[in-house]
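Only one structure is covered here, and it is reproduced in the block below.
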Amino acid sequence: MTEKEIEEIRSQFYHCKDKKILIYGTKVYAKKLLTALYDFHIIGVLDQYQLEGTFEGFPILDWEDIKTGMADILIIGSNDKYYNEIYRRIIYPCVYLGIAIFAFNGQNLDHKLAMKHYPPETAIYFKKNVGELKNIIDSHDAVSFDLFDTLVMRRVLEPMDIFDLVEEKMAEKGYSLPDFRKKRRTAELNTNGGDIYSIYVELGRLLDIDHHLSDMILEEELKCEKDNLILRTEMAEVFRYAVSKGKRVNIITDMYWPSRILREILSDLGIHGFENLYVSCEYGKSKCSGLFEDYKKNVKGFQYLHIGDNKEADVAAAERHGIEAYEIKSGYDLLKLSSMRQCLIYVRSKFDKRIIGELVSLIFNSPFSLSDTAGIVHIRDYKTFAYTFFAPLIVAYMEKLKELLEENGFQGVLFTSRDGYLFKKIYDAKWSIFQKENIPSFYLLTSRRLILKATLFNREDLEEFIWRTGKVPEEQDFAQAEEILAEAEETRENYFKYLNQTGVDFTKNYLICDLISQGTVLKGMNQLFQNQQRGLFMAWSSHWDKTLPVDLVYDGSEWQESRFATCVLEKVFTSLDPSVVDMDKEGLAVYAKEERGDIELEFIKRIHKEMIEGVERFYQISGGKMNKKLSQALFYSMEDTAFCGEVSFFNDFKLLDDLSREVITFKRG
């Protein structure tokens, strides 16, 4: 570098001299920044590929190494050709960590590339569809497909997330492999395109382990790959279409797994009919360094078409070799273009990434899932609906419940109707984390109307009851006060009959679980029980009683209280029975008239099934470690989502308030 270049860089960033700086990249431009800013407060280097080691004497960091407050700004060490791509790769952790992003030329990219804007080419991609791709295939005789993120995808967010799974699986077998993700990546880079076996020879050297353990880890990695690989269903359909049309179909992939293993994986997934599998590790060259040349030597076509997701390897490299390229988007890239992309701000841990990876495999399995949607995510089936918006909230709730049971010595859990119905089913499920707790659970039929009536002891209670039903108390409301209080006493006696039948012991300490609550039921229960009971709510509703002993999954700073959110949750979590309005002399429930139709009840039944399965799945992949901010962001992304197909019912729904009997209508679209 010349003195003039150094001075120019220093002048561009002079105002940042007192800032803590990250440099992004390990190539020429990054080296120039480190040389010019030698006396600035540079804390380290980030890179898309390298996760450890040093660059120009500075430590290479992984995003998981960066904590809040460690850095103030990040400078991209690249020319302007790649600013947009890099910015959209790193914006989410930078927003979360409060790190401003600057270009090599000193420009503040947070001002130029606001996250709310799509890159210009996005509008073109949103016009692509499977019919268009089939038409293009029709005019070519040789059609090749990329493999990973094109024909198949992993149920994790990024390929290296598999390495975290391997580390955990090996830990379960008694083998500690700290920083395995980083070491595994370094071994791969050190072999420069070698196959999995050469990678594991290098990994054995880095970890200082013998070949027996190395082989065991390799087998575990293969198992993790297979367990997490699924077809991109619509692309498999396109692949089969090309085969059925008599095209010369081949698969070309930059990969360290040998063709023998990949063929086995493809066969298990139902992919057949291709001529050959061109794998970079077997040819000693990648798509960018000549693999397409070998392909064309063997396949002497007239009109070549290559389909893949990587702009450089699948598009630019193919076109350099005279092959027409058709770009599709990976599931992760589609998420970053979609109305749900801001959820990525809260993806901080390996467990967050697994949950988002699972959702991406559902929502963005098709590369055309955003076709003609302007980026608005369309939810079409019960499973995706339940997994995306509700299962994460339930996991957070259940983790809080588990924490309270471990710390407070409760003698039972009372799930109150109707919003506790689903929580009770999950608590009692065979796979449930609570099976070892041996703490009994009860489902109590109750409602605000019933509990208020059962706790009417005097005129003041009657006045509160009238207020709670949405009326302003007037003198005529008290004309029959004695009769009303007598009825209340009868209801109270009948309710005690019911409670005795449930096996609840009024002398014990229970945790009373509800969804979104003002605390009416908890307050009433504390008037009926001998001991004061605590409550667990997802969050407070408006007009809540601050004097009640309550633990919250989401406190006021975490939960954006809105009528829409409350009504959506109550609509989905509710039981299949109508609201309880009273108890008869036998201690049996008197239900309100069922206002919901068969379609709505079937909707609730189907959604509950998928919600329970979703919670079980998320416990399998994250052990219940749910980021509450992420779960809340996913839930509120519903407001920017379209519903169609199986869940189109949710575009227009009504909620009947069980106390005021007010019908609340929500209409979308």
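The values are calculated or read from the model by the stated rules, or taken from the named source; none is laboratory data. Keep in mind the model is a prediction, meaning the values are calculated, not measured. As a convention, Cβ positions derive from the backbone with ideal geometry for all residues, glycine included, and neighbour counts pool all protein chains shown. The accessibility values were calculated without ligands, DNA or RNA, using every heavy atom of the protein model including side chains. Shrake-Rupley method; radii C 1.70, N 1.55, O 1.52, S 1.80 Å.
Determine the shape class of region 27-75: with a ≥ b ≥ c the square roots of the Cα gyration tensor eigenvalues, call it rounded for a/c under 1.5, and otherwise prolate if a/b is greater than b/c, oblate otherwise.
Oblate, because a/c is 1.5 or more while a/b does not exceed b/c.
For region 116-195, with all protein chains in place and a probe radius of 1.4 Å, 50% of the accessible heavy-atom surface sits on carbon or sulfur. Remark: the chain carries a charge dipole of roughly 1440 debye about the Cα centre, counting +1 on each Lys and Arg Cβ and -1 on each Asp and Glu Cβ. Distance from the Cα centroid of region 358-377 to that of region 579-650 is 23 Å (rounded to whole angstrom). As a ratio to 2.2 N^0.38 Å, the alpha-carbon radius of gyration for region 65-210 is 1.41. Sequence-distant contacts, meaning Cα pairs under 8 Å at least 6 residues apart, place the relative contact order of the chain at 12 percent. Surface composition of region 410-545: carbon plus sulfur atoms hold 45% of the accessible area, using a 1.4 angstrom probe and ignoring ligands, DNA and RNA. Taking GluC sites (Glu not before Pro) across region 473-578, the ones in a DSSP loop with at most 10 further Cβ atoms lying within 10 angstrom of their Cβ are 474. So which of 67/223; 81/287; 223/425; 226/628; 226/383; 223/287 end up more than 24 Å apart by C-alpha? Distance filter (> 24 Å) returns 67/223; 223/425; 226/628; 223/287.
Among rounded, prolate and oblate, which fits region 326-442 when a ≥ b ≥ c are the square roots of the eigenvalues of its C-alpha gyration tensor, a/c under 1.5 means rounded, and a/b larger than b/c means prolate? Cα axes put region 326-442 in the prolate bin.
Structure note, pairs 336/605; 400/605; 247/285: Cα-Cα distances above 30 angstrom occur for 336/605. Per-residue ellipticity at 222 nm computed for the chain from its helices equals -13000 deg cm²/dmol, with DSSP H segments shorter than 4 residues left out and the rest contributing -39,500 (n - 2.57). Within straight-line reach of residue 32, meaning a Cα separation under 12 Å, sit the following aspartates and glutamates at least 8 residues removed in sequence or on another chain: 3, 5, 7, 8, 56.
Estimated at the nearest 10 Å², the accessible area of residue 169 is 80 Å² with a 1.4 Å probe. Between region 399-455 and region 219-270, what is the separation of their alpha carbon centroids in Å? That distance is 46 Å. Straight-line cross-link reach from residue 453 at under 23 Å between alpha-carbon atoms covers these lysines, not counting any fewer than eight positions away in the same chain: 471, 497, 523, 546, 585, 593.
A dipole drawn for the chain from +1 and -1 charges on Cβ atoms has a positive end, and of 392, 302, 108 the residue lying farthest that way is 302. Simple rule: put +1 on each Lys or Arg Cβ and -1 on each Asp or Glu Cβ in the chain, find the dipole, and look at 499, 278, 526; the Cα lying farthest toward the positive end is 278. Within straight-line reach of residue 300, meaning a Cα separation under 16 Å, sit the following aspartates and glutamates at least 8 residues removed in sequence or on another chain: 141, 275, 324. One Cα centroid belongs to region 131-191, the other to region 12-74; the line between them spans 27 Å. Ranking of 369, 139 by solvent-accessible surface, largest first: 139, 369 (1.4 Å probe, protein heavy atoms only, all chains present). Taking all protein chains into account, the per residue accessible area for the chain stands at 43 Å² (1.4 Å probe). Is the shape of the chain best called rounded, prolate or oblate, per the rule: a/c under 1.5 gives rounded, else a/b larger than b/c gives prolate, else oblate, with a ≥ b ≥ c the square roots of the Cα gyration tensor eigenvalues? Taking the square roots of the gyration eigenvalues as a ≥ b ≥ c, the chain is prolate. The apolar share of the surface of region 232-343, taken as the fraction of accessible area on carbon and sulfur atoms (1.4 Å probe, ligands and nucleic acids excluded), comes to 45 percent.
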